[in-house]
Amino acid sequence: MKGVPSILKLEVLNKIIQRLPRSQDLFFMNMFPSPNYDSDRIRWAMEYGTAGMTPFVAPGSPAPVLTHNSLYSEGSAAAAYWKEKDFVGEQLLNNLREPLTQSTRLTGERQIARKQRVLRNRCERRREWMMAKAFFEGGFTYQREGGTKINVDYGVPAHHKVTLTGDDVWDDGTGAAGATATPIRDIFDAKKEFTDDVGVAPKYAMINSELLTVLMFNTDLQDLLKKSTFGDGDLFARPAQVLGNLLGVGTLSVYDQFMEVGAFLTQDASAGDSTVHVEDATDFEAGKEIRFYDLNTPFDYEKQTIDSVDRAANTITISGTLSSGYSAGKDRVVMRAKFVQDSKFTMFTDTIDGEYVAEFMNSPFGLDRNWGLYADTKEEWDPDGLWMRVQNKGLPVMYYPNATYSLTVK
């Protein structure tokens, strides 16, 4: 594009996007390696149990062949592919051309940098979502070309996904614990089962702030703290560290990062309706809050709770009924959800015997066989402007599916 300054040249723009610092707020992005895989179809071995020992033998005798005490199975799934683009119009491009005042140029460059940062952050958040789903849910569903929905199940054992019910819940919805709730015992039982199965103790426990508050005000935990070296003052000053040390669950991380999932309506919805049709319902989840936006008044919204999701039909059913009507192609629904659910207490380890329990496999895409986050640009003739695009393709793999343990406690 003639006259476009150096910041918008193809090779410069790509380097700027790809060299933007990786977000330090995304937990799994910075924990596990990301090797390149040669194929679109990713296969990996899964192992349950590794704490074997070499046998004794007599001097001079041949070494026995390794007897595998572990159980093995194989995982296989097609790599997920995600991408997004944004348009830089001619007005912004013209503001970057000479002659310019310094303030005008800086304003234009800040706008370009913001668009780049938003694209990269959204792309990395999708990868974080997949890793979080693998560890906290044991799998996830995503969409392939042609609208095909792919379900990935990592084989996390059922007894590592425990749900408390009835009076055993830590929070009955009113802020009070169930009549027979025993959070301390539940955590120690889970830790024991984890250690017995995996052969090592969990190195991390993860919750969000909602569940942290439940634990902080639990009377059993507060009574235990009175007998410990910490006390109430330390609990409220540094709750994660105090509770993590007290419960012996390794590093207790409070993770409040969240993502937004939005979609336009594909059919009109009337007041009193409880089911709506959307472009793609893949990422919507039952039990989560959903907001309905009439884009004539974009700062107001109607709040509902998702009752069920039909990903094949791309429909969302809410637990109540709509109080207003919404138009197809114009109005929008948005679900906001944290990577860690309010009801989840999850323990896991990142390594066993010096090996990572999981990785994120990068899969090749594009004519040039790119791996990992890739940015490019393309000129547009009418209207004049420039498209900026980011892409990625890959899949989390879990080599030790029993290395994570989740308690659903409320």
Which listed residue, of Arg117, Arg97, is at pLDDT below 90, touching a Gly at 6+ places or on another chain (Cβ under 6 Å) and either among the basic types (Lys, Arg) or under 28 Å from Asp25 (Cβ atoms) (or both): Arg97
Of those in segment 32-60 that are at pLDDT 85 or above and out of contact with any Gly (no Cβ under 9 Å at 6 or more places or on another chain), the residue farthest from Tyr154 (Cα to Cα) is Asp38
Step by step: first the residues of segment 294-319, then only those that are part of a loop (DSSP other than H, G, I, E, B) and of a type in the set (Asp, Glu), then the one that is farthest from His277 (Cα to Cα). Which residue is that? Asp300
Can you tell me how many residues in segment 161-195 are without any contact (Cβ under 8 Å) to a residue 12 or more places away in the chain, within 26 Å of Thr349 (Cα to Cα) and not basic (Lys, Arg)? 2
Can you say whether Ala177 is of a type in the set (A, V, I, L, M, F, W, C), touching a Phe, Trp or Tyr at 6+ places or on another chain (Cβ under 6 Å) and more than 19 Å from Pro396 (Cα to Cα), as far as the supplied structure shows? yes
If the requirement is being under 28 Å from Lys133 (Cα atoms) and modelled with pLDDT under 90, which of these qualifies: Leu211, Leu221, Leu243? Leu243
Does Thr351 qualify as being at pLDDT 95 or above and under 30 Å from Ile184 (Cβ atoms)? no
Conditions (1) modelled with pLDDT of 90 or more; (2) more than 29 Å from Asp25 (Cα to Cα); (3) in contact with a helix residue (DSSP H, G or I) (Cβ under 9 Å, 6 or more places away or on another chain) -> Val254 fails only (2)
Of Thr305, Thr346, Thr321, the only residue that is in contact (Cβ under 8 Å) with a residue 24 or more places away in the chain, polar (S, T, N, Q) and more than 30 Å from Ala201 (Cα to Cα) is Thr321
Return the residues of segment 196-220 that are part of a helix (DSSP H, G or I) and either touching a residue at least 60 places away in the same chain (Cβ under 8 Å) or touching a Lys or Arg at 6+ places or on another chain (Cβ under 6 Å) (or both); say none if nothing qualifies. Asp197, Val198, Glu210, Leu211, Val214
Please verify whether segment 72-87 includes one or more residues that are closer than 30 Å to Glu380 by Cβ, at pLDDT 80 or above, surrounded by 10 or more Cβ atoms within 10 Å (Cβ to Cβ) and hydroxyl-bearing (Ser, Thr, Tyr). yes
So, of the residues in segment 359-384 that are of a type in the set (S, T, N, Q) and within 22 Å of the chain's Cα centre (by Cα), which turns out to be surrounded by the most Cβ atoms within 10 Å (Cβ to Cβ)? Ser363
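Yes/no per residue for (1) under 24 Å from Arg126 (Cα atoms); (2) surrounded by 15 or more Cβ atoms within 10 Å (Cβ to Cβ); (3) modelled with pLDDT under 95:
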{"site": "Phe284", "(1), (2), (3)": "yes, yes, yes"}
{"site": "Gly287", "(1), (2), (3)": "yes, no, yes"}
{"site": "Asn296", "(1), (2), (3)": "no, no, yes"}
{"site": "Phe299", "(1), (2), (3)": "no, no, yes"}
{"site": "Ala312", "(1), (2), (3)": "yes, no, yes"}
{"site": "Ile318", "(1), (2), (3)": "no, yes, no"}
{"site": "Gly329", "(1), (2), (3)": "no, no, yes"}
{"site": "Met335", "(1), (2), (3)": "yes, yes, yes"}
{"site": "Phe339", "(1), (2), (3)": "yes, yes, yes"}
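The values are calculated or read from the model by the stated rules, or taken from the named source; none is laboratory data. Quick caveat: nothing in here was measured; it's all calculated off a predicted structure. Note that each Cβ is placed from the backbone with ideal geometry, even for glycine, and that neighbours are counted across all protein chains shown.
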